[in-house]
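Have a look at the structure below, then the notes.
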Amino acid sequence: MAATLTRLSKPSSSSSSSLSHFRRFISSSAATASETTNPPPSPFTFNSSTTALSRKDPKDRNVQWVFLGCPGVGKGTYASRLCTLLGVPHIATGDLVREELASSGPLSHQLTEIVNQGKLVSDEIIISLLSKRLEAGEAKGESGFILDGFPRTIRQAEILEGVTDIDLVVNLKLRKDVLLEKCLGRRICSECGKNFNVASINVKAENGNPGMSMAPLLPPSHCMSKLVTRSDDTETVVTERLRIYDEKSQPVEEFYRSRGKILEFDLPGGIPASWPKLLEALNLDDYEEKQSAAA
Ligand code: AMP
């Protein structure tokens, strides 16, 4: 991880062009995929485009990380904190889907049904939403990223691997019973969009799993009256999302594990216990100090 710190301190002159390649490649993958019916094309059909891509030396760009983990584990919370620390965009495909739903655009009716059943949106739609997000970011001069909630299928992972290098994959882990409680306790401020949690979790050690306590993450008073619950955070839908994670997304963990890219991280508790430990695992515990010393 020492290399990570070196990398973080370097300017990122070429990240934008690598994102541009990503965007072009995934757009063409998605377009071709949606034109073709059964069987879907393999991302490797696009080898000619892939070879045209330039893969930048990690020293010359910002971090390109992925956060994996079951629904409710806290990917958004920890990814967004790290993004603030590292100065890279936090790109959560779940947020892109919810923005599309809220926009009442052409896809919104179809997406509402899929999301409310706890199913995955098609690879083509998700890649098209991600392409648009990257394009908008590129126009603003963004570089590097932490992806949260993508890739969620092996095919998405293959497409991503076909277009750019992922430096590190952080796999967040938590007991399943805690995941359910956390999803049911999740609240979002409808005005500022921040995530909170009203669940007070206190589970005993059981079947080899450690006991765990997590205090609620309560909103400031000005958000209190504006809290909403995600429509897919009901017990039935969360149970289905967890099942789909095991079926479709757990193989993605193995995909990155076999490439030696994964950092397994068992959350020891809530944010106060987990955040310092995560920074330590990423060798970023003294990152802020190093940054100000270098300034
Ligand atoms: P999340 O906020 O990450 O839990 O995502 C909310 C919902 O958006 C998921 O249950 C899926 O329906 C959809 N979604 C988000 N990311 C993806 C993805 N990478 N692939 C397919 N569907 C996704």
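The values are calculated or read from the model by the stated rules, or taken from the named source; none is laboratory data. Since this is a predicted model, take the numbers as computed values, not measurements. Note that we place each Cβ from the backbone using ideal geometry, even for glycine, and neighbour counts take in every protein chain shown. Just the protein is used for accessible areas: all its heavy atoms, side chains included, with ligands, DNA and RNA removed. Shrake-Rupley method; radii C 1.70, N 1.55, O 1.52, S 1.80 Å.
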Under 6 Å by Cβ, and 6 or more places apart or on different chains, what pairs join a residue from region 251-274 that is open to solvent by less than 40 Å² (accessible area, probe 1.4 Å) with one that is among the polar types (S, T, N, Q)?
253/171; 262/171; 267/274
Residue by residue through region 193-214, note down the ones that are modelled with pLDDT under 95 and not in a strand (DSSP E or B).
193, 194, 204, 205, 207, 208, 210, 211
Within region 135-155, take every residue that is open to solvent by less than 20 Å² (accessible area, probe 1.4 Å) and within 19 Å of residue 58 (Cα to Cα) and give me the one that is farthest from the ligand (Cβ to nearest atom).
143
Mind checking which residues of region 109-132 are open to solvent by less than 20 Å² (accessible area, probe 1.4 Å) and either more than 28 Å from residue 235 (Cβ to Cβ) or away from the ligand (no atom under 11 Å from the Cβ) (or both)?
127, 130, 131
Among the residues of region 90-108, the number that are under 13 Å from the mean Cα position of the chain (by Cα) and surrounded by fewer than 18 Cβ atoms within 10 Å (Cβ to Cβ) is 1
Here the residues within region 77-107 that are within 12 Å of the ligand (Cβ to nearest atom) and in contact with a His (Cβ under 8 Å, 6 or more places away or on another chain) are 79
Residues that are at pLDDT 95 or above, outside any helix (DSSP H, G or I), open to solvent by less than 30 Å² (accessible area, probe 1.4 Å) and not basic (Lys, Arg): does region 38-57 have at least one?
no
Just the residues that are part of a helix (DSSP H, G or I) and within 16 Å of the ligand (Cβ to nearest atom), please, taken from region 215-245.
235, 236, 237, 238, 239, 240, 241, 242, 243, 244, 245
Considering only region 288-295, I want to know if a residue exists there that is modelled with pLDDT of 95 or more and either crowded, with 18+ Cβ neighbours inside 10 Å or assigned to a helix (DSSP H, G or I) (or both).
no
Filter region 156-192 down to residues that are in contact with a Phe, Trp or Tyr (Cβ under 6 Å, 6 or more places away or on another chain) and in a strand (DSSP E or B) and give me whichever is surrounded by the fewest Cβ atoms within 10 Å (Cβ to Cβ).
168
Checked region 212-232 for anything closer than 19 Å to residue 271 by Cβ and open to solvent by less than 70 Å² (accessible area, probe 1.4 Å); matches are 212, 214, 216, 219, 220, 223, 227
